[in-house]
Amino acid sequence: MLGKKLAYLLLCVWYLSINAVTSVSASEITVYTYQHVPFAEQTDAHHQGMIIDIIDELFTRANMEYKVIFNPLKRGLTMTARDQNVCVLPIVRTQQIESEYRWVGPILISRYGLFSAESKSIPLVTLQDAKHLSIGTYLGSGISEYLDSFRYQVQLTNEDGLNIKKLDRSRIDLWAAELISAKALMTQSKMQLGEPELIFHTSLRAMACNEALDVSKHQALVNALNEMYQDGFMAKINLAYGASL
Amino acid sequence: MQKLIPLLNTSIVIITKVLLRVVVSVTLSTAVVATTVSAVEPQIFDKADPQGKLLVNSQLDHTQQDTYEQQLNPQQLQWLKSEFQPSTLSLAEQKKEMLWFQHKAQAFKGMEIRVVSERINTHQYEANVLAKAFFDITGIHVIHELTNEDDVIKKFSAQLMTGQRLYDAYISDSDLIGSHFRQQHVMSITDLINHHAKDFTLPTLDLSDFIGLAFTTGPDGKIYQLPDQQFANLYWYRSDWFANSDYQKRFESKYGYPLGIPQNWQAYEDIANFFTNDIGEIAGTKVYGHMDYAKSDPSLGWRISDAWLSMAGVGDKGLPNGLPVDEWGIRVEDCRPVGASVERGGALNSPAAIYAIEKYKEWLIKYAPPEAKQLTFSESGDWAAKGNIAQQIFWYTAFVPDYTKKGLSVMNNDGTPKWRVAPSPVGKYWQKGMKSGYQDTGAWTFLNHTPEENQIAAWLYAQFVVSKTVSLKKTLVGATPIRQSDIASDIMTEQAPYLGGLVEFYRSHARDVWTPTGTNVPDYPGMAGYWWQAISRIIEGELSVTDGMNALAAQIDQHLIRLQDQDLICGPKVNKQVKPSIWLNKPGSPKQLMPEEVKGKTLPFEEAINAW
């Protein structure tokens, strides 16, 4: 009889503990980001970068638990579309995908430039001046879709850094890249292309969350971000990482 | 030392590129440097309107002092002689305008400024051609970015939220006028002209010539935005099919009245049924009597918030938007929004609004191509140009250039279209004296916090792209006229047969009763998103039309309530909820249910035009 009671008790404890774990994990938000120097970087020991700092501040202020996972962008988008308590950032927020997510942003404001090879100068007054030139960018990037929509001659790579080599070997005329990432990639590749020929586009990048994310959680994150702009946190962090316009 | 090598390389690259740039810059500006010195006679301007008089007074002082010491170089003259023709100005007058720009831009030469607009043909022309001409003439480098319409609004909001200077100026729709005058983030054009940029205002700007100025003027009398392009939403139909005697006989024998321009929604519905179901196929191709779009997307919101409810007759009489209840169903008392739901005196969930959405959904399902439900605004844009659509009740005239290309199946060999635009039919709740449709102007908008020299340089570019020197050519490229002088020109008379009724619309009084979102809407960027989300749930069947509109009205009410806490000029002061019958029993909007149907009515094209 005692054995049955003990078994029942143990079952209850197990049930309650499982239930508690489940409810904690259900309330936790999984945030996907991707290797995106200098905004988000995963080293052996830890995560670092402007995006990591912003995520931490955002969720702390919203009083929400979270964990960050590094994965390729496409995987992050897939996971976000699949599960309710999942977000991914930074994502270029555009009208085409506005209805697919619940948005928290802007987290980053990015400018994109057209870089020519080290030894070349291709003066551009308007983007249209580059119409006859081949432009390198990378697969899945918002800027490749943007240029493609205007029927520019876009050539895609799997990694953005490869475009620097392609420029060097004259396989493309111009490289379309986000300015701050471009600097970091140039340093990594030990090649300096100088200033862009033309800074032609500005994009808003935000955190995209599953469209079924609880309304109150979404609102808490939106409010926290608003507060971060209002009290100067975002201005300071933009300045610290050289991301101010 | 190894660490120094990349730095050294960087320096060499930068120095090399700078040297290359100097060479390029010198080459580009050689002609400017080499120009001969010559004085230009100061101009005296005669304007009939008050703002014009003000300009005359202000300009006389400094134009008399000005002696433009440069002439246009051959490259700059080439812009006038080739690209900027035709124009309502003579070449000599164009030259004077361009010399004025060149002279006033001297202080800003070498500056780079950044502006943004949506990506319709008119703005592509500006970004690709006019920005380049402006650079050649003034030395100011304008990066004119193009993006989707909703993105323009998002970027505008982001600049306000973050305090970062994304752009020096925006071209955004005048739908935001209710936000601009209340929130005061925008430097008004009136203030620019009279104070901040007084010495940099084109003497021949001629404000009274702009046909859309009323759309961008707040209740306080200030002009908040300068029109750059203007478009209307009209009824589009295949005039060749409507003229077919066999179709005419068959339609009249079945429906009891002639096939013609529908004057009401019942006639539109009958014609939709006639082509989709009675005719069905023409020359072996399936044809449809209706085209629309309904994908869950921000553009789905504009499909309804851009005057669809006013066309149904939801609002009150009174132009431009209905007073005191407008096409968003928002009631305003003493300039303060007091509610959108019937329970608070609005009409967003009124019987007329529910009728409007029911008809939108019913026609989409019954008469449009099955693909329409999965299309966005831009994706649906060229559908009717493929040649299998008989009519479209909600068609933007910004598409005219895409519908008049040679070789399209909707074009005749002589370059005239097989289609026409006409006044939009109206719903059963509509009464004379009410707004009849949607028209808007994409207009230059300047934020207060923009640094003064960037703002003035952007102001010069804005005036350049709307100047009389370039505006007629721009109108011919984009079919989005902004100036009365262009609309009245002989060139537009010559072009009229090739533009399917667009010129007739803009020469008629109809352009006064086709209006944008009005001043009842206090926070367009913050409230526009509710529309597409609500309509999407209705289209997907998640909510009934009644429940969906009740939810939308409640959301708009709540937003108005939240705005009460902000210190806005003419801010909302929301009414308490009462029984709907209390408001429905009062005269005007919200209107009681009209169960009876009306008989379809059509008119021949000429009579429909005369009705304008």
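The values are calculated or read from the model by the stated rules, or taken from the named source; none is laboratory data. Not measured: the values here are computed from a predicted model. Because the Cβ atoms are built from the backbone with ideal geometry, glycine has one as well, and the counts that use them run over all protein chains shown.
A compact table of results
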read-out	value
Subset tally (residues that are assigned to a loop (DSSP other than H, G, I, E, B) and either more than 14 Å from chain B (Cβ to nearest Cβ) or in contact with a Lys or Arg (Cβ under 6 Å, 6 or more places away or on another chain) (or both)) for the range A:122-148	6
Search result, residues across the range B:243-279 that are in contact (Cβ under 8 Å) with a residue 24 or more places away in the chain, closer than 21 Å to B:Met411 by Cα and either part of a helix (DSSP H, G or I) or small (Gly, Ala, Ser) (or both)	B:Tyr247, B:Gly260, B:Phe275
Residue satisfying all of: in the range A:112-121; touching a residue at least 60 places away in the same chain (Cβ under 8 Å) and assigned to a loop (DSSP other than H, G, I, E, B); nearest to the other protein chains (Cβ to nearest Cβ) among these	A:Ser121
Residues of the range B:160-172 classified as within 9 Å of chain A (Cβ to nearest Cβ) and in contact (Cβ under 8 Å) with a residue 12 or more places away in the chain, total	4
Yes/no for A:Ile109 being surrounded by 18 or more Cβ atoms within 10 Å (Cβ to Cβ), within 12 Å of chain B (Cβ to nearest Cβ) and among the aliphatic types (A, V, I, L, M)	yes
All positions within the range A:223-242 that are in contact (Cβ under 8 Å) with a residue 40 or more places away in the chain, more than 17 Å from the chain's Cα centre (by Cα) and surrounded by 15 or more Cβ atoms within 10 Å (Cβ to Cβ)	A:Ala224, A:Glu227, A:Met228, A:Phe233
Condition broken by B:Ala127, with the remaining ones in (1) within 14 Å of chain A (Cβ to nearest Cβ); (2) out of contact with any helix residue (DSSP H, G or I) (no Cβ under 9 Å at 6 or more places or on another chain) satisfied	(2)
Residue that is nearest to the other protein chains (Cβ to nearest Cβ) [pool: residues in the range A:199-222 that are part of a helix (DSSP H, G or I) and surrounded by fewer than 13 Cβ atoms within 10 Å (Cβ to Cβ)]	A:Val215
Residue that is nearest to the other protein chains (Cβ to nearest Cβ), among those in the range A:189-198 that are surrounded by fewer than 19 Cβ atoms within 10 Å (Cβ to Cβ) and on the phi < 0 side of the Ramachandran plot	A:Glu195
Filtered residues of the range B:593-603 (kept if in contact with a Pro (Cβ under 8 Å, 6 or more places away or on another chain) and not small (Gly, Ala, Ser))	B:Leu593, B:Met594, B:Lys601, B:Thr602
Flag if B:Gly301 is at pLDDT 95 or above, surrounded by 21 or more Cβ atoms within 10 Å (Cβ to Cβ) and within 14 Å of chain A (Cβ to nearest Cβ)	yes
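Quick grid of which residues meet (1) charged (D, E, K, R); (2) in a loop (DSSP other than H, G, I, E, B); (3) crowded, with 22+ Cβ neighbours inside 10 Å:
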{"residue": "B:Ala347", "(1), (2), (3)": "no, yes, yes"}
{"residue": "B:Ala352", "(1), (2), (3)": "no, no, yes"}
{"residue": "B:Ser378", "(1), (2), (3)": "no, no, no"}
{"residue": "B:Gln392", "(1), (2), (3)": "no, no, yes"}
{"residue": "B:Ala398", "(1), (2), (3)": "no, no, yes"}
{"residue": "B:Gly415", "(1), (2), (3)": "no, yes, no"}
{"residue": "B:Val421", "(1), (2), (3)": "no, no, yes"}
